[in-house]
Amino acid sequence: MNTSTSDIEVLDRLLAQRRSCRGFLPQQVPRETIEQWLHSSQRAASWCNTQPWQMVVTSGEATTRFRDEIVKRADAREPAQPDFPFPPEYQGVSLVRRREVGFALYESVGVARGDRVASARQARENFLLFGAPHVAILTTDASLGVYGAVDCGVYLGTLMLTAQALGLGLIAQAALARHPDFIRSHFGLAEDRRVVCGMSFGFPDEQHPANSFRSRRAGLDEVVRWVGE
């Protein structure tokens with residue numbers, strides 16, 4: 001291994017500092033910064049180097065138009081029809097972890113447990129892009145099926161760390177993938193592009209209460225089974 005101590009320290013710091021940003025400053029990210037983010041992230045690994053990901057990135061009025069249209073669909077309660085089906089339910093430890101992070105988020109923004117009106121209002125922030133000045137839509141090649149989606153997951157993780165290294169805030173949003181037909185139509189995407197998720201991004205608002213908490217990570221004893229010496 002050629003990895004130096006300083007390299008792993010930098011990586012560990014970025015991993016520890018990264019969070020799903022739910023409050024953004026209004027100023028636009030310079031185009032050169034966005035290009036650096038995407039250029040660096042392009043080194044992500046993929047199955048047979050297929051690199052199935054494609055991105056739509058909005059700025060300015062394009063972000064506003066998309067936000068206004070998709071929040072209409074959310075308010076109209078149009079049924080979700082994602083290209084990749086959402087889990088039908090959460091069970092066991094997945095349910096416990098989901099509830100834990102949800103309660104922490106609601107507590108940070110002053111939503112009391114059981115307050116369905118306030119929790120729905122917070123969920124609506126997904127479609128308002130949490131006030132972000134930019135949104136990115138991540139798609140994959142339909143012909144690659146689940147492997148293309150997995151590759152996009154690797155790419156998404158790389159995007160998150162690169163954004164953190166550049167001082168950007170980002171949140172991956174399955175909620176935006178509820179309406180893939182609208183997204184394909186709105187952005188003029190080919191029918192063989194499958195929507196994986198959306199990402200709201202920009203400069204984080206460190207004073208926003210939703211950015212005040214950190215989600216817990218499981219210990220190795222919960223996720224690793226050692227075999228042999």
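Values quoted throughout were computed directly from the atomic coordinates according to the rules given, and no laboratory measurement underlies them. Because the structure is a prediction, the values reported are computed rather than measured. Cβ coordinates were reconstructed from backbone atoms using ideal geometry, including for glycine residues, and neighbour counts include every protein chain displayed.
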Grab the Cα-Cα distance for Gln81 and Gln207, subtract it from 0.36 nm times how many residues apart they are, and report the gain in nm with one decimal.
41.9 nm
Put a dot 7 Å past each Cα toward the Cβ at Val93 and Arg217; how far apart are the dots in nm?
1.5 nm
May I ask you to list the trypsin sites (Lys or Arg not before Pro) in region 1-59 that are in a DSSP loop and have at most 13 other Cβ atoms within 10 Å of their Cβ?
Arg43
At 222 nm, what value in deg cm²/dmol follows for the chain if DSSP H runs of at least 4 each add -39500 (n - 2.57) and the sum is divided by all its residues, to the nearest 500?
-13500 deg cm²/dmol
Given the peptides 141-152, 175-186, arrange them by the average over their residues of other C-beta atoms within 10 Å, most packed first.
175-186, 141-152
With a Förster radius of 45 Å, plug the Cβ-Cβ distance of Asp12 and Leu128 into 1/(1 + (r/R0)^6) and report the FRET value to the nearest 0.05.
0.85
Zone reached by a paramagnetic label modelled 7 Å from Val154 Cα along Cα→Cβ, restricted to region 41-76 with backbone N below 20 Å, covers 41-55
Return the loop-located GluC sites (Glu not before Pro) in region 83-113 (DSSP other than H, G, I, E, B) with at most 11 other Cβ atoms within 10 Å of their own Cβ; answer none if there are none.
Glu89
